[in-house]
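*Asks:* Let me begin by handing over the structure; questions about it come next.
What follows draws every value from the coordinates through simple rules; no lab data is involved. Treat the numbers as computed from the prediction; the structure is a model and nothing was measured. All Cβ positions, even for glycine, are placed from backbone atoms using ideal geometry, and neighbour counts span all protein chains on display.
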Amino acid sequence: MPQRASSEARWCMFPSLHDNVSSLLEDDGLHFTFYPIDRDTGCIKSYDTNIMGKFRCNNQTCKATGWGSRKIAITIRRFRNQRYNARVYYQRCKRCKTLSEPEVDDSWSGVEQERRPFSGTSNGPHERSLCEGCKAGHCNDASEVDNLAGRFANYAL
């Protein structure tokens, strides 16, 4: 279950995915603990990147069924004592502008792995006006998913 900062949050955290992330980081000799407090206080470093995923519009009157995104903004924050957390930013429905939470499953790790082929069609470029990561200044313009294990390694003090 995602963890939200508040009822009006424009992002969420997925602490339930920590075991998967931790396992992949351990393969590279890295050991981090999930830090469940969602605030910038005490953050040593942060890194903005993107993941792929799906969104579903929750507006019952909207005819949009959902959409896939090749660019979901996330911010990974490093804290003392080898702790981290990650904000996963929402997007708005193109049709009705309702704020929608991403569907993230355990296939997401954010850690470099074999790239899955993109089997869909693109509906055009990233729409910054619908992206809460862009509005918050945390949407990375990179076209590739970065090597986050390498980024975590660079976080060593």
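*Asks:* Quick check for you: which residues of segment 63-87 have the amide N under 18 Å from the point 7 Å beyond the Cα of residue 127 toward its beta carbon?
*Replies:* 63-73
*Asks:* Right, next: Just order 18-30, 43-55 by mean Cβ neighbour count inside 10 Å, highest at the front, would you?
*Replies:* The densest-packed peptide leads the list: 43-55, 18-30.
*Asks:* Can you give the FRET efficiency to the nearest 0.05 for residue 31 and residue 135, using r as the Cβ-Cβ distance and R₀ = 30 Å?
*Replies:* Plugging the Cβ-Cβ distance into 1/(1 + (r/R0)^6) gives 0.35.
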